[in-house]
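Below is one structure, written out as structure tokens; the observations come after it.
Values in this text are rule-based calculations from the coordinates and carry no lab data. Keep in mind it's a predicted model, so treat the numbers as computed, not measured. In this analysis, Cβ positions are derived from the backbone assuming ideal geometry, glycine residues included, and neighbour counts consider all displayed protein chains.
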Amino acid sequence: MTGPRFQTGAHFAATMDARDPLAHFRGRFFIPKTKTGDECIYLCGHSLGLQPKAAGSYLEQELRDWAELGVEGHFHARNPWMPYHRLLTQQTAALVGAQPSEVVVMNSLTVNLHLMMASFYRPTTERHKILVERGAFPSDQYAVKSQIGFHGFDPASSLLELTPREGESCMRDQDIESLIEREGDSLALILLGGVNYVTGQMFDMAGITKAGQRKGCVVGFDLAHAAGNIPLRLHDWGPDFAVWCSYKYLNGGPGCVGGCFVHERHARAWELPRFAGWWGHDESTRFQMGPDFQPMPGAEGWQLSNPPILALAALRASMDIFSEARLEPLRAKSVSLTAYLQFLLDQQSSPKFSIITPRDEERRGAQLSIRLPGAGRNLCDRLTVAGATGDWREPDIFRVAPVPVYNTYQDVYRFVQHFSAALS
Ligand SMILES: Cc1ncc(COP(=O)(O)O)c(C=O)c1O
């Protein structure tokens, strides 16, 4: 017989932390402090991940080489800048379940989304719609509507939104599939989040891709809240493209460079239109500086500019930690930490809030979204002042995410104590 999975007391949290084989990774990050010098309870890695302590030295290396070598650093830096972005390729491919040629670290998420739509959103009069989730991240909505308009269509008739059933917050798999089945012939593109940024719902990306492709639709994913959070198998699932940022679960730093996946079957799709730049040009002839663009095969062929080395250096510091910790154990800890958070919140049995994130652990990542009707963002602000950081999404959602690489069971325990005190 097994005992209950979780217990309510502080001792339980301390015991779980003492047993956690990943606990030492917390020491590799700077944990923000309160005004009184205590470590914050930082449950906000879904918004901005914490700084790896090694980020400074990764950056200093490049600053030093720049100071000492100037332009020669492109070839003679300790990590030559010319192929620098490739230092991230293997780790990125492993993180999203792709082949190395299918991924590239470049630009930021919305820029990559536009680049992908320039190539993969090819509306016709019969098939011109884009399917998104209702309340998709605003940048995605703006990008999608502007692409529809750019092609001479009207978002009023070309944008289709997935909507949860009346009284529900999350989408049901069978509703997504039947909508795709019903509307598929008019859909040029299905563009969904891997994990919805408001509800924390994880979508069945394999099933959606399959359903979309059965109807001849292009399928893309916004993985802003999925990359570094949940296991991904992009190559096997087979979407056409995916984009993500690296400042959330990937701890690359504010505004850090994003990532992009283009499935192998498009690696040599020279016929696709694309917005070109010199860094996507075949590297063997790039410096001949010819007037005609010849893309590199694979995702790298969508690059525009030479990459920002300093931002990539900071990202490497975090990706090296991911490689060491490995996603599988991180995911196992994440599932447990988030279930523990849900368990402690459930103990409150308060009518003042409800959790809108799916209760099924397979249907969510690290984040829990707590609906607090009438509480206002003031509650979140008070908790931040008290040293417990989550974030607020209007009108009534408080998002918190225990991140397995640096959060602890005691963080979760202390957070719920602060939360219940703030509620009463
Ligand atoms: C789901 C989602 N999509 C898109 C974005 C926009 O990202 P960026 O500012 O890097 O373009 C964000 C930013 O938080 C996001 O959460």
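Between the alpha-carbon centres of the stretch 75-135 and the stretch 247-263 there is a gap of 10 Å. Ranked by the mean number of other Cβ atoms within 10 Å per residue, highest first, peptides 151-157, 52-58, 120-126 order as 52-58, 120-126, 151-157. Amide H contacts for Ile190 (H built 1.01 Å from N in the peptide plane; partners 5 or more residues away or on another chain; cut-off under 5 Å): Leu131, Val218, Val219, Gly220.
Separation between the Ser323 and Asp185 pseudo-spin-labels, each 7 Å from Cα along Cα→Cβ, expressed in nm? Between Ser323 and Asp185, the simple spin-label model gives 5.1 nm. With a ≥ b ≥ c the root eigenvalues of the C-alpha gyration tensor of the chain, is it rounded (a/c under 1.5), prolate (a/b larger than b/c) or oblate? Cα axes put the chain in the oblate bin. Computing FRET efficiency as 1/(1 + (r/R0)^6) for Arg78 and Arg165, where r is the C-beta to C-beta distance and R0 is 56 Å, gives about 0.50. Among 336-346, 102-112, the peptide with the highest mean count of other Cβ atoms within 10 Å heads the list, and the full ranking is 102-112, 336-346.
In a reduced charge model with +1 at each Lys and Arg Cβ and -1 at each Asp and Glu Cβ, the stretch 114-206 shows a dipole moment near 340 debye about its Cα centre. Taking other C-beta atoms within 10 Å as the exposure proxy, Leu115, Leu272 rank Leu272, Leu115 from fewest upward. In a simple Cβ point-charge model (Lys, Arg +1; Asp, Glu -1; nothing else charged), the stretch 30-174 has a dipole of about 100 debye relative to its Cα centre. Full extension of the chain between Asp360 and Ala156 yields a length gain of 70.0 nm, computed as 0.36 nm times the residue separation minus the alpha carbon distance.
The magnitude of the dipole of the chain, with charges of +1 and -1 set on the Cβ of Lys/Arg and Asp/Glu and taken from the Cα centre, is near 780 debye.
Listed from fewest to most Cβ neighbours within 10 Å, the set Cys217, Cys40 follows the order Cys40, Cys217. Take the Cβ atoms of Ala14 and Leu310, set R0 to 41 Å, and the FRET efficiency comes out at 0.55.
Excluding same-chain neighbours fewer than eight residues apart, no aspartates and glutamates are reachable from Lys33 by a Cα-Cα span under 13 Å.
Set Lys and Arg Cβ to +1 and Asp and Glu Cβ to -1, take the dipole of the chain about its Cα centre, and tell me which of Gly216, Val403, Leu191 lies farthest positive. Looking along the dipole axis, the top candidate is Val403. Report note on the peptides 358-368, 235-245, 68-78, 374-384: ranked by the mean count of other C-beta atoms within 10 Å, highest first, their order is 235-245, 358-368, 374-384, 68-78. Using a Gaussian network model of the chain with C-alpha springs under 10 Å, which one of Asp320, Asp391, Asp292 is most mobile by mean-square fluctuation? The residue that fluctuates most here is Asp292. If you plug the beta carbon distance of Asp346 and Tyr142 into 1/(1 + (r/R0)^6) with R0 = 41 Å, you get a FRET efficiency near 0.65. For the residue pairs Lys53/Lys248; Lys129/Lys210; Lys210/Lys248; Lys248/Lys352; Lys145/Lys210; Lys35/Lys352, the C-alpha atoms sit more than 23 angstrom apart in Lys210/Lys248; Lys248/Lys352; Lys145/Lys210; Lys35/Lys352. For Thr389, the residues whose modelled amide H falls within less than 5 Å of its own, excluding neighbours fewer than 5 places apart on the same chain, are Ile41, Tyr42, Leu43. Between Met289 and Arg393, the simple label model (points 7 Å from Cα in the Cβ direction) yields a spacing of 4.8 nm. For the stretch 289-295, the Karplus equation 6.51 cos²θ - 1.76 cosθ + 1.60, evaluated at θ = phi - 60°, returns couplings of 6, x, x, 9, 7, 10, x Hz by residue, with Gly and Pro reported as x. Considering only beta bridges that DSSP places wholly inside the chain, some 55 percent are antiparallel. Determine the shape class of the stretch 1-129: with a ≥ b ≥ c the square roots of the Cα gyration tensor eigenvalues, call it rounded for a/c under 1.5, and otherwise prolate if a/b is greater than b/c, oblate otherwise. Oblate.
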